[in-house]
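The block underneath contains the structure these notes are about, expressed in structure tokens.
The values are calculated or read from the model by the stated rules, or taken from the named source; none is laboratory data. These figures come from a predicted structure and were not determined experimentally. As a convention, Cβ positions derive from the backbone with ideal geometry for all residues, glycine included, and neighbour counts pool all protein chains shown. Heads up: the accessible areas ignore ligands, DNA and RNA and are worked out on the full protein's heavy atoms, side chains in. Shrake-Rupley method; radii C 1.70, N 1.55, O 1.52, S 1.80 Å.
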There are 4 protein chains.
Amino acid sequence: MQIINVCRFRNGVKSRVIKPLACFFTSSRTMAKSKFEYVRNFEVDDTCLRNCYIVVRLDGRNFHKFSEQHKFTKPNDNRALGLMARSARSVMEELEDIIIAYGQSDEFSFVFKRTSNWFKRRASKLMTHVASQFSSSYVFYWKEFFGEQPLLYPPGFDGRVVLYPSNRNLKDYLSWRQADCHINNLYNTVFWTLVQKGELTTVQAEERLKGTLAADKNEILFSEFDLNYNNEAAIHRKGTTLIWEKHDETVTKQIKGVNDERKDVHVTRSKKIVQAYHCDIIGEEFWQQHSNILEDDGC
Amino acid sequence: MQIINVCRFRNGVKSRVIKPLACFFTSSRTMAKSKFEYVRNFEVDDTCLRNCYIVVRLDGRNFHKFSEQHKFTKPNDNRALGLMARSARSVMEELEDIIIAYGQSDEFSFVFKRTSNWFKRRASKLMTHVASQFSSSYVFYWKEFFGEQPLLYPPGFDGRVVLYPSNRNLKDYLSWRQADCHINNLYNTVFWTLVQKGELTTVQAEERLKGTLAADKNEILFSEFDLNYNNEAAIHRKGTTLIWEKHDETVTKQIKGVNDERKDVHVTRSKKIVQAYHCDIIGEEFWQQHSNILEDDGC
Amino acid sequence: MQIINVCRFRNGVKSRVIKPLACFFTSSRTMAKSKFEYVRNFEVDDTCLRNCYIVVRLDGRNFHKFSEQHKFTKPNDNRALGLMARSARSVMEELEDIIIAYGQSDEFSFVFKRTSNWFKRRASKLMTHVASQFSSSYVFYWKEFFGEQPLLYPPGFDGRVVLYPSNRNLKDYLSWRQADCHINNLYNTVFWTLVQKGELTTVQAEERLKGTLAADKNEILFSEFDLNYNNEAAIHRKGTTLIWEKHDETVTKQIKGVNDERKDVHVTRSKKIVQAYHCDIIGEEFWQQHSNILEDDGC
Amino acid sequence: MQIINVCRFRNGVKSRVIKPLACFFTSSRTMAKSKFEYVRNFEVDDTCLRNCYIVVRLDGRNFHKFSEQHKFTKPNDNRALGLMARSARSVMEELEDIIIAYGQSDEFSFVFKRTSNWFKRRASKLMTHVASQFSSSYVFYWKEFFGEQPLLYPPGFDGRVVLYPSNRNLKDYLSWRQADCHINNLYNTVFWTLVQKGELTTVQAEERLKGTLAADKNEILFSEFDLNYNNEAAIHRKGTTLIWEKHDETVTKQIKGVNDERKDVHVTRSKKIVQAYHCDIIGEEFWQQHSNILEDDGC
């Protein structure tokens, strides 16, 4: 990017005498700001409907290529999953109104509580802030997960906002994403097992799996490779769910005693921290165990 | 962030024999994905009106604090401005339909051509992608501009989308931002001159400038500090405008001659590159010199 | 409105011989329809968020003037209220997905069930159809309520759409309108009693009521005019609520007997009809008695 | 519609002594209005983008059935077309910011000037008011066009809003509607000629026209029925365009002369009236002759 100072003068001559006309803000021009301010009225209000959960979902842009260029292990790369979760935590810590986040593969969904008034519920602000914080965190924390392996270029994520009026709808949304995780991971697990252990080419593996059902895939793993899919790592089968949890923290403070001697005192403080789970969120069990996540919608 | 595998078992006992029921995707559950897919219908279409310029503006989140924590020089930090422009260029190179971008301070505006069909003109996709690419680039290129000074935490930018139906409206939008740059920079220049050279406290400087007009501020600079505001760096007075320009590149290639000897041949290729300007874009001159930026709107 | 056929001819002469060029659709022009069809893409999708109640509220345009020109009795004109309710019923009968409607003064609100898919939930279609059907009905049924008194000009109503995600929100919306009815009607009742029976001018009556509370207004009615506000007609105090109710209808049919003689048979059929109520809908009682109106939102 | 006063009493007895509890607004309930007012925040802003033409198009609901029930002549009923135009004029006279309206068959489009600020450019208000005024006018003026033939029920029209950023887009929109008029009218003219004069059944006529081009249809009319389509009434071929025109009106006033005798004086006043045209609006000629309709969009 060359930087050129293109303030051009009327007669083409640069001199101290001749005023750079095009570059000179006369006071009348300065006044002009008010003349231009009408353009603000072209902004439209995109306030999210009240009393609905606001979901922001991010998806990696061209992450197929990105994962190959950065040599992600197949079918799952724990460094990459860890970095996704770390970036998601960074988003949650910046935006406390997020009550739950769920991620798998190169996507992450963030749920704002239904009564949230962050950014006055303006959809554009909410989704761009989530996309921005996530993306800068992804680069910032890269080293924590990939060590000396360099990040080759800044990655991109796009996002969207979806509203859910009822607890049922929200739970169904999260179930939809987890069901998607399950289906993809089962497929990928069998596919890469066929390639890595079964010594099939990728084309052969694809051919082999065409038309198979979940039961068929489980059977291939079990009978041919002695693998029980249910013993695969939960993080791969269930994705990552982040929620806020109270956490008791014991800190040791030194205080002065009556005779001026120093004493250690243990103080317990309660703090909300982001906790990661890799479990089923489709059934009611998770929601019963964490009944404070969803708000009663007063119906 | 502690990672807990909370697949809980029905009888509360963890054992290898008993199947973790809540964690087990039966095939009937797998089928369930279709049951949940209705939630997709809650997404709303946010296609931008056709034949309008689409402007995405990003603003730094809490950059006042960010600039202090990272010891930005006052009133302008050229490293920070350079990093903003570098990140903006990264956005433009990712999204070729951006015809012009304008930045100043901690904000940057990106203009998509009126006929653009990127992401099917979906506002959410456009703005989150710009916000994401800009933010990851900001962290990625930090070192190029700040060297060994560490980035303390991942910064955030929020964004919005505004549509402009006519060339006049778009030019007025950009003029509005440049007039804003002028007003703020004049103020900051005088303010920090009073503090840094005039040895006023910040409170005194603020007091001194209360109610002053542009002419008064120019006068303070000139009569008290022998400074002509118009000689201040253009990048500070005018901000940064990025556009695409054709650039002839001469490359040398070796070819084989008739007698098999090697010859050097010079080949000139035309390439579009992002060019930075720091000039007035309020007057018509800039637009006449770069008449290919704006499209005729066929009226 | 004069009707002029202004197909003008190139040479300015009207003649049978010379072809009216501007008016001639050549086949190439006809083809043009496809050329213009791109304009359809400027329509934006305005689908209402799923699983929310859709409320369309209509308000009379300039009904203050309209009511004076048509000599409505003060403070309430039962003919006008009857015509409003009749028009609202006409809307409900056209759009069966409306589960409840509430009206007072010159306004009427229509509530579509949360699972409605009428017009694919397109807000523009829903509200314009309600506004249109109501307005044509108002003119159509005028005579039924105003007899020989002529309608002087076609009245206008404007409308809006509001979404409510929960049963609580919807009930609060209706309560808001009924509380508005109460406040206005109490005021108007006292005001017009002061004018009509107390022989105050309208200015004096307004002055008298300035700053008074509900209790004060009740007291004026009771102590000065021996009126108990609670004995005023319910239609005026509570407005009009329309809901669907099952109604058994006994019809008499003639059938042929074994010996060919004719016999009367009574057949009872169940039919849904629109029923009007003038009662409190703020408390829970109404909703308990008509528990089928609101849907469970599955939370 | 039965009117029942369902204020139910706690003990189920209707009496003057016992207070109707459910119907009694205690002062605490009255206070409640503020408690409910939060529901206003669920309304969303639907302001139309500035500097765009706002088009409201109405379409008759179930007009196929309506036209049969009211015995409209085929292929065009001049009474019905006149009533449509009369209703459209009523809309224009109510909403002066409408600069042009175009109608054909059972549809009418209304164009608000790009700088209009009617109803603060709120889409819902604009389209419902147009739909309402048109519909009430349709019933109101029915008699003027259909005389003693009764209107059987109140008709419905639905509407939509579309924005057009440039003059070209707007003209293309109107061209699209007029091209639609041409195609439909040519088809209907041939179809009904085949039925009415050619004594084909409707099924036979449909079969005959399957796959024919415009030229084929013109040829059928000309060679078989000696009809030149271009001689058909312009109102049928071109639809109806309504615009505002200045109109000089000469009124006669009586004034008192110097000797107190009365004299007639002729005064000419200029007045804007709605004028109807039935001509081509696809070509540039119409727009050149009425160059004041469209605003320069300052590009």
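Structural remarks
- Shape call, region C:247-299: gyration tensor on alpha carbons, a/c limit 1.5: prolate
- Cα Rg, Dmax (largest Cα-Cα span) when computed across region A:33-187, Å: 17.5, 61
- Subset of D:Lys171/D:Lys246; C:Lys71/C:Lys143; C:Lys71/D:Lys35; C:Lys33/D:Lys197 violating a 25 Å alpha-carbon distance limit: C:Lys71/D:Lys35; C:Lys33/D:Lys197
- When +1 charges are put on Lys and Arg Cβ atoms and -1 charges on Asp and Glu Cβ atoms, the dipole computed for region C:53-212 relative to its Cα centre reaches about 520 debye.
- Convex hull projection area averaged over all views, the protein assembly as shown, Cα basis, nm²: 83.7
- Think of chain D as having a plus end and a minus end, set by charges on the Cβ of Lys, Arg, Asp and Glu; of D:Ala233, D:Leu49, D:Thr128, D:Thr128 sits farthest toward the positive end of this dipole.
- Here the protein assembly as shown is assigned +1 on the Cβ of each Lys and Arg and -1 on the Cβ of each Asp and Glu. Its dipole about the Cα centre then comes out at about 40 debye.
- Between A:Ala215 and D:Ser34, the FRET efficiency estimated from the beta carbon spacing at R0 = 60 angstrom works out to 0.50.
- Qualifying trypsin sites (Lys or Arg not before Pro) in region B:181-217, DSSP loop, other Cβ atoms within 10 Å at most 10: B:Lys210
- The mean count of C-beta atoms from other chains within 10 Å of the C-beta of residues in B:173-186, rounded to a whole number, is 4.
- Within chain D, all pairs of alpha-carbon atoms sorted by distance into 10 Å bins from zero give the percentages 5, 19, 23, 19, 14, 10, 6, 3, 0.
- The C-A contact accounts for roughly 1000 square angstrom of buried accessible surface, both chains included, probe 1.4 angstrom.
- Using a Gaussian network model of chain C in which every pair of alpha carbons under 10 angstrom is joined by a spring, one finds that among C:Val274, C:Val251, C:Val39 the greatest mean-square fluctuation is at C:Val39.
- Table column - 3J(HN,Hα) (Hz), region D:57-74, Karplus curve with 6.51, -1.76, 1.60, x for Gly and Pro: 10, 9, 10, x, 8, 6, 6, 4, 5, 4, 5, 6, 5, 9, 6, 5, 6, 10
- Projected label points at A:His247 and C:Gln254, each 7 Å from Cα along the beta carbon direction, are separated by 8.8 nanometres.
- B:Asp226 accessible area, assembled protein chains, probe 1.4 Å, Å²: 120
- At most 12 other Cβ within 10 Å, DSSP loop - chymotrypsin sites (Phe, Trp or Tyr not before Pro), region A:254-299: none
- Accessible surface of region A:53-179 [probe 1.4 Å, protein heavy atoms]: carbon and sulfur percent: 47
- B:Thr268 contributes about 90 Å² of solvent-accessible surface, heavy atoms of the protein only, 1.4 Å probe.
- Applying a length cut-off of 18 Å (Cα extent along the axis) and a mean Kyte-Doolittle floor of 1.0 to the DSSP H helices of chain C leaves no helix.
- Legend: mean number of C-beta atoms from other chains within 10 angstrom of residue C-beta atoms, peptide C:60-72, equals 1.
- Residues B:Asp59, C:Asp296, sorted by accessible area with the largest first, give C:Asp296, B:Asp59 [1.4 Å probe; ligands and nucleic acids excluded].
- Label spacing, shortest first and in nm, from B:Asp264 to its equivalents in the remaining copies (7 angstrom along Cα→Cβ): 7.4, 10.2, 11.7
- Among the trypsin sites (Lys or Arg not before Pro) within region A:59-157, those in coil by DSSP and having at most 14 neighbouring Cβ atoms inside 10 Å are A:Lys71.
- Using the rule -39500 (n - 2.57) for each DSSP H run of four or more residues, divided by the residues of chain D, the 222 nm mean residue ellipticity is -11500 deg cm²/dmol.
- With a simple spin-label model that places each label point 7 Å from the Cα along the Cα-to-Cβ direction, the separation between A:Ala233 and A:Asn184 comes to 1.6 nm.
- Cα centroid separation, region D:92-125 to region D:279-293 (Å): 19
- Chain A, dipole about Cα centre (Lys/Arg Cβ +1, Asp/Glu Cβ -1), debye to the nearest 20: 2380
- Toward the positive end of the charge dipole of region A:53-179, with +1 on the Cβ of Lys and Arg and -1 on the Cβ of Asp and Glu, the farthest Cα among A:Gln149, A:Gly159, A:Leu170 is that of A:Leu170.
- Positive end of the dipole of chain C (Cβ unit charges, origin at the Cα centre): among C:Asn76, C:Leu221, C:Leu194, the Cα lying farthest that way belongs to C:Asn76.
- Label-point spacing at D:Glu93 relative to the other copies reads 3.1, 6.6, 7.0 nm, in ascending order, each point sitting 7 Å out from Cα along Cα→Cβ.
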